[in-house]
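The structure under discussion appears below in the form of structure tokens.
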């Protein structure tokens with residue numbers, strides 16, 4: 001039996017890292033009573049990368065991340081999961097609505113070789 | 001002269017601190033960019049905190065620039081003695097988040113959430129996109145100030161340029177700066193004797209933080225700005241780093257200002 005709940009039930013607003021920590025504590029508790037859970041990331045104005053990172057990483061440290069599937073509804077959240085997956089080298093499961101479960105693909109980070117600028121004039 | 005990233009540090013560097021009342025020459029300023037306003041404000045606030053008085057003689061000759069500074073409550077906000085401003089009336093602007101106004105940010109636990117909530121409303125009311133992404137970046141920058149600066153007060157400005165289709169966010173503090181902050185973590189202690197730009201670049205890397213947890217905030221800011229086609233400038237101490245989708249460059253500032261000052265520029269709809 002899969003238990004589904006909205007991320008707002010874990011913490012709100014979903015912007016600050018410390019809120020992600022609060023959310024992970026509640027999530028881990030819920031996982032101990034319901035083995036498999038799905039966290040719906042819908043109906044929240046902003047879910048920041050810091051919030052998600054803390055929620056996911058702390059849940060991972062508790063050994064419970066395998067039991068969680070995130071429900072995503074737009075590409076921007078999917079991208080955040082990909083970034084966290086790449087940064088933390090974690091296996092994050094998610095799905096769009098009732099589609100099959102996916103694993104966040106690694107999203108590369110843009111890397112420039114920094115160069116010294118003789119002048120400060122902004123060309124961008 | 002435009003008071004912005006390319007000029008404001010020179011204006012600060014020209015101040016003669018030997019005089020009892022130092023002079024800041026803004027006479028040639030005709031246009032003020034958010035970064036210029038925030039950087040100069042932090043310069044004034046920093047020196048005022050050290051007990052240094054300033055006089056602006058003469059203020060901008062350009063009446064629009066002069067009016068703009070007055071409207072922004074610039075003189076009082078950054079601890080100017082209003083009597084030194086040549087008899088012009090000082091208009092108090094409302095001290096809440098809005099487009100085209102400076103706000104002061106007091107360091108308290110959930111300040112980033114409060115600011116983010118205000119910023120999102122303003123952007124949505126003005127139909128400026130991408131509202132969520134800009135708001136997330138503002139919250140990260142404000143939270144960085146709250147968590148790392150060891151200062152009580154920062155200043156934030158959000159400016160919208162409809163003809164340029166640009167949204168500009170500038171935020172500054174006069175706290176301990178990125179190098180000192182990172183060097184407080186034993187892992188990055190080596191940065192203490194390195195250039196500021198090296199610490200800044202390090203801070204943009206994933207999982208680099210002075211704390212036990214986190215270290216994704218500035219990485220996200222960089223990635224989002226690059227993805228949107230915008231650019232960012234971050235100064236700390238006597239160096240800066242500028243990042244856009246094509247390049248990352250660093251260089252020196254003419255003035256060595258404590259803390260962190262950052263400007264993020266987004267193309268509207270980016």
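Among A:26-33, A:100-107, A:111-118, the peptide with the highest mean count of other Cβ atoms within 10 Å heads the list, and the full ranking is A:26-33, A:100-107, A:111-118.
Within 10 Å of the Cβ of each residue in B:136-147, the mean number of Cβ atoms contributed by other protein chains is 3. P(r) tail, segment B:1-82: Cα-Cα pairs separated by more than 16 Å, 46% of all pairs. Our Cα-only numbers for chain A put the radius of gyration and Dmax at 16.7, 63 Å. Along the Cα-to-Cβ line of residue B:49, 7 Å from the Cα, sits a label point; which residues in segment B:138-170 have backbone N less than 17 Å from it? Zone members listed by number: B:142-156. A Förster radius of 25 Å, combined with the Cβ-Cβ distance separating residue B:165 from residue B:213, puts the computed FRET efficiency at roughly 0.10.
What fraction, in whole percent, of alpha-carbon pairs in segment B:193-270 exceed 15 Å separation?
So the pairs more than 15 Å apart make up 57 percent of the total in segment B:193-270.
Its relative contact order, with pairs defined as Cα atoms under 8 Å and 6+ residues apart, puts segment B:96-270 at 21 percent. Just to check, using Stokes-Einstein with a Kirkwood Rh over alpha carbon pairs, what's the diffusion coefficient of the protein assembly as shown at 20 °C and 1.002 mPa s in µm²/s? For the chosen part, D equals 97 µm²/s. Peptide B:213-223 shows a mean partner chain C-beta count of 6 within 10 Å per residue C-beta. Against chain A, whose longest principal axis is taken from its Cα atoms, helix A:17-33 shows a tilt of about 30°. Counting beta carbons within 10 Å around each of B:120, B:37 and listing the fewest first gives the order B:120, B:37. By the count of neighbouring beta-carbon atoms within 10 Å, fewest first, B:250, B:240, A:12 end up ordered A:12, B:250, B:240. Averaging 1/r over each pair of different alpha-carbon atoms in chain B and inverting the result gives 18.8 Å, the Kirkwood hydrodynamic radius. Peptide A:45-55 shows a mean partner chain C-beta count of 6 within 10 Å per residue C-beta.
At a threshold of 8 angstrom on Cα-Cα distance, excluding pairs fewer than six apart, so keeping six or more, what relative contact order does chain A reach in percent?
Working: 188 pairs, mean separation 26.1, N = 124.
Relative contact order comes out at 21 percent.
Ordering B:26-33, B:178-185 by mean Cβ neighbour count within 10 Å, with the highest value first, yields B:178-185, B:26-33.
Every number in this text was worked out from the coordinates using simple rules, so none of it is lab data. Quantities reported herein were computed from a predicted structural model and do not represent experimental measurements. Cβ: placed from backbone, ideal geometry, glycine included. Neighbour counts: every protein chain shown.
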